[in-house]
Each structure stands twice: as structure tokens, then as C-alpha cells.
Amino acid sequence: MVSSRSYPQSEQVPLSDTLVVSDQSVPRFINCPQQHAILVRRAAQEALRLATNARTSLASRVVPAKYTTWFGIYAPTRHATASQVFGNVVNRPPTGLTYDCTWCTNRDWYGVVHPNTHPSTIFLCPQFWRFDDKGKAAAVVHESAHLGGAVFRAEQYGEAQCRQLAQTHPDVAVHNADNIKYFAI
């Protein structure tokens, strides 16, 4: 979704003493109350851990069992695509992105990105705040996957649809942000 709506400038929110954040990748926040910024920081840190573990498992000499669940029958090109998406997420980590807490008002969405106009921003939507910590991290993985190269067309959501997509259209599944998310979690 692209909008003509203007985007506010980012603002730094003080770090909590209980969170460890690399000084090289500190998230930026737009219109995020401190309590939301703390939740997003935690989700971003966990999303980075999940993406790093996924990239590491894809780099091993053994194809992870969950590969076929989310990306279909093994194929070197699909493996390379998944590795590239996770590499992109890790190289531009969720902990270094900008998070806008108020721009998106669609109650059914948990987040949206505009990679062509805002390549480092995740716009958080009302559904994001209803998730527990694991769900928030999964949502950040999903949106980061879009920023990392997962395409928008033919997008499927939910475990059942993503499993089916992997079995029937594995070349599409490896580009689907929810399949990327499920592989990571």
C-alpha cells in the first residue's frame, strides 16, 4: 500500500536499562510512546536472533527438516533465495530499522512496509500490539523479509496456506514473507 500521506521524522527514545542493544544498530521510532518502543526493541532483537539462526541453519551442509515444510522440495535456487533473504535481513538488521507506531491505522494488519519509498521503515498497525512477544518478533521477521527481498505478489498468510503454497508452488513460497517468517520461528 502506498499513500500520499506525509511521514514524520524519526525520534530517538531513551533505552531501557534492561535491554541490550548494539550501539551500531539502534532502532529509531516515529510517534512511539516509550512503552511501545521498549516492546518493539525486544521484538526487533528477537527477530534478528531468529533470522540469524535461520541463515545459519541454511548455511549448514544438511538441509533443515523444516525447509520442505516452508519452501517445498529442495532445490539449489530456492535454497539460495532463502539464504539471500535471511542474509539481507541480518545485514540490515531489524534492530537498526525505523518503526512508525501511528501511521498505519488498518485494524486488520500488523505491519506494512514501503520498500521503494521508505526502505528502512516498518509501519506498525493496530494488530501488532495485540500479539504476545513471540508474535511481535514474528511480525518483525515478516516485514523485514519484505525489506530483505521477499516479494509482495501472490502473498499467502497463515500456517495452512503457507504449507500448501510450499507444496504446490515452492518457487513462490520462497518469496512469500509469511513462509520466510515460519521458517525462522
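The values are calculated or read from the model by the stated rules, or taken from the named source; none is laboratory data. The structure displayed is predicted, hence computed values, not measured ones. Reconstructed Cβ throughout: ideal geometry from the backbone, glycine too, with neighbour counts over all protein chains shown. When the accessible area is computed, the model is the full protein with side chains, heavy atoms only, and any ligands, DNA or RNA have been set aside. Shrake-Rupley method; radii C 1.70, N 1.55, O 1.52, S 1.80 Å.
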Taking a temperature of 37 °C and a viscosity of 0.692 mPa s, what whole-number D in µm²/s does Stokes-Einstein yield for the chain with Rh from Kirkwood over alpha carbon pairs?
198
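Roughly how many percent of the accessible protein surface of the chain is carbon and sulfur, given a 1.4 Å probe and a whole-percent answer?
On the way: 4740 of 9180 Å².
Answer for the chain: carbon and sulfur cover 52 percent of the accessible area.
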Once both label points are put 7 Å beyond Cα along the C-beta direction, the Asp108-Thr56 separation in nm becomes 3.9
For the chain, with a Gaussian network of springs between Cα atoms less than 10 Å apart, report the residue from Val174, Val140, Val62 with the top mean-square fluctuation.
Val62
Go through 44-51, 119-126, 72-79 and give me the packing order, highest mean Cβ count within 10 Å leading.
44-51, 119-126, 72-79
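If R0 is 45 Å, what FRET efficiency do you get for Glu159 and Ser25 from their C-beta distance, rounded to 0.05? Walk me through the numbers on the way to the answer.
Values: r = 30 Å, r/R0 = 0.67.
After rounding to 0.05, the efficiency reads 0.90.
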Which values of log₁₀ I(q)/I(0), to two decimal places, follow from the Debye formula for the range 106-185 at q = 0.21, 0.26 Å⁻¹ with a uniform point scatterer at every Cα?
-0.96, -1.30
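Taking the solvent-accessible surface of protein heavy atoms with a 1.4 Å probe, what is the per residue accessible area of the range 110-185 in Å²?
Numbers: 3080 Å² over 76 residues.
Counting only protein heavy atoms, the per-residue value for the range 110-185 is 41 Å².
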For the residue pair Thr168 and Val63, what label-to-label distance in nm results when each label sits 7 Å from Cα along the Cα-to-beta-carbon direction?
2.2
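Averaging sequence separations of C-alpha pairs under 8 Å and six or more residues apart, then dividing by the length of the range 41-89, give the relative contact order as a whole percent.
Relative contact order comes out at 44 percent.
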Taking every DSSP beta bridge with both residues inside the chain, roughly what % is antiparallel (nearest 5)?
45
Taking a crude spin-label model, label points 7 Å out from Cα along the C-beta direction, the Thr77 to Phe131 distance in nm is 3.1
